[in-house]
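Undergrad: Pasting a structure here, questions to come.
The values are calculated or read from the model by the stated rules, or taken from the named source; none is laboratory data. Being a predicted model, the structure only gives us computed values, none of them experimental. All Cβ positions, even for glycine, are placed from backbone atoms using ideal geometry, and neighbour counts span all protein chains on display. These accessible areas exclude ligands, DNA and RNA; they are computed on the full protein's heavy atoms, side chains included. Shrake-Rupley method; radii C 1.70, N 1.55, O 1.52, S 1.80 Å.
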Amino acid sequence: MADEPLILGIETSCDETGVGIVRGHTLLADALASSVDEHARFGGVVPEVASRAHLEAIVPTMDRALREAGVTIADIDAIAVTSGPGLAGALLVGVAAAKGYALAAEKPVYGVNHLAAHVAVDTLEHGPLPAPAIAMLVSGGHSSLLLVDDLARGVTPLGATIDDAAGEAFDKVARLLGLPFPGGPYIDREARSGDPASIAFPRGLTAAKDLAAHRYDFSFSGLKTAVARWVEGRRRSGEPVPVADVAASFQEAVCDVLTGKALAACRAHGVDTLVIGGGVAANSRLRSMAEQRAQRYGIRVRVPRPGLCTDNGAMVAALGSHLVAAGVRPSRLDLPADSALPLTTVSV
Ligand code: KG4
Ligand code: ZN
């Protein structure tokens, strides 16, 4: 609707420079510049390289988003920016840019939580989030289960990974198999021609003794080590490594644990909506398995399209829009770039 506020969102927490523009729940522009190719040869994101790439990309990406939406900065009602968590130097570029534009164009600015934005982005595709909902956040840096009553006011963490994040496990196993960085999409692709039942990899923190203390927590480092041992064993005995089968069996183990714990949280809290966000939510097996299993319990699974699961500016704009609609106060102009912003702080 034309009378809903027009919100611009800026994302620079990792290796994607994103600027999104939304009106209410309607996405008008989603401009993205990625430095992923510059990091690929290092096998991981190099913070200094990411910061410099953001610096070069921020103004052109901003201009592209405004052009795509057919608006000018003067038309924008508020600017939202990722305040954290993320890489300090990378965050600083987005926060400084947001402050500059806000000051020059006299707009309010909202410093927001990157992880809450991964949840909020789903509203652009599926409308307002029913309350309460369970959110599962699975990215390169985080894996958490949250109870969401009102995303504008805060979230209640139920569990998180005790070691590697889900995306990190995908990236490490991909590297082991000689696949490029970031590994998630490559494992996803390889797994399509593999047999997910061919190798029985462990499901972390699902044994009865672990469930008592870690019902909604995750652990992926044991799985990663199990994959490494299995692959080493093959190489030592001179046998070829069946990459597709390893990828499929590994992916199956991750998805099995993620969906199992997320649906258990929904049932224990009497919640009928599960929203999945973050880069790993782009995984085709995770999407289909969650959908299939949730059906049995009458639980609705909401996952944004893959392009909105990985980092982008639209997610930040979506959260900003939600905060404005909920009447949350803007941030002060000295808002921080906080690399360790806690999950429970939705806006600063
Ligand atoms: O949310 P995101 O773009 O950045 C962070 O905030 O971390 O997530 C990136 C992570 C990477 O680890 C990447 O390998 C993973 O998401 N990822 C996937 C897929 N697409 C991206 N993992 C599994 N399957 C995919 N299709
Ligand atoms: Zn992210």
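Undergrad: Could you sort 217, 163 by accessible area so the largest value comes first, with the probe set to 1.4 Å?
TA: Correct descending sequence by accessible area is 163, 217.
Undergrad: Which lysines have a Cα less than 16 Å from the Cα of residue 261, not counting those fewer than 8 places away in the same chain?
TA: Those lysines meeting the cut-off are 209.
Undergrad: I need to check one value: relative contact order of the stretch 96-213, counting alpha carbon pairs closer than 8 Å and at least 6 residues apart, in percent.
TA: Values: 108 pairs, mean separation 14.7, N = 118.
Relative contact order for the stretch 96-213 comes out at 12 percent.
Undergrad: Do the sum for the chain: with -39,500 (n - 2.57) for every DSSP H run of n ≥ 4, divided by all residues, what is the mean residue ellipticity at 222 nm, to the nearest 500 deg cm²/dmol?
TA: Helix-only estimate at 222 nm: -14000 deg cm²/dmol.
Undergrad: Could you work out what % of the accessible surface of the chain is carbon and sulfur, using a 1.4 angstrom probe and leaving DNA, RNA and ligands out of the count?
TA: Details: 7520 of 14220 Å².
Here carbon and sulfur together make up 53 percent of the probe-accessible area.
Undergrad: Could you pull the accessible area for residue 34 with a 1.4 Å probe, rounded to 10 Å²?
TA: 60 Å²
Undergrad: Next question. Which value in nm describes the separation of the simple spin-label points at residue 52 and residue 332, placed 7 Å from the Cα toward the beta carbon?
TA: 3.5 nm
Undergrad: Which of the peptides 308-319, 222-233 is most tightly packed, and how do the rest follow, judged by the mean count of other Cβ atoms within 10 Å per residue?
TA: On the way: 308-319: 29.9, 222-233: 16.2.
Output ranking for 308-319, 222-233: 308-319, 222-233.
Undergrad: Given a 1.4 Å probe, how much area per residue of the chain is accessible, in Å²?
TA: Averaged over the residues of the chain, the accessible area is 41 Å².
Undergrad: Of the listed peptides 10-17, 253-260, 67-74, what is their order by residue-averaged count of other C-beta atoms within 10 Å, with the highest listed first? Please list the in-between numbers first.
TA: Numbers: 10-17: 29.1, 253-260: 22.1, 67-74: 13.6.
Listed from highest to lowest mean packing, they are 10-17, 253-260, 67-74.
Undergrad: Here is a further query. With a ≥ b ≥ c the root eigenvalues of the C-alpha gyration tensor of the stretch 218-270, is it rounded (a/c under 1.5), prolate (a/b larger than b/c) or oblate?
TA: Prolate, since a/c reaches 1.5 and a/b exceeds b/c.
Undergrad: Follow-up. Taking a ≥ b ≥ c as the square roots of the eigenvalues of the Cα gyration tensor of the stretch 7-157, is the shape rounded (a/c under 1.5), prolate (a/b larger than b/c) or oblate?
TA: Oblate, since a/c reaches 1.5 and b/c is not below a/b.
Undergrad: Residue 3 to residue 40: extension gain in nm, 0.36 nm per residue of separation minus the Cα-Cα distance?
TA: Extending this stretch completely gives an extra 9.0 nm.
Undergrad: Among 250, 170, 42, which one shows the highest mean-square fluctuation when the chain is modelled as a Gaussian network with alpha-carbon springs under 10 Å?
TA: 42
Undergrad: Ignoring everything but the protein chains, give the 1.4 Å probe accessible area of residue 214 in square angstrom, nearest 10.
TA: Residue 214 has an accessible surface of roughly 50 Å² with all protein chains in place.
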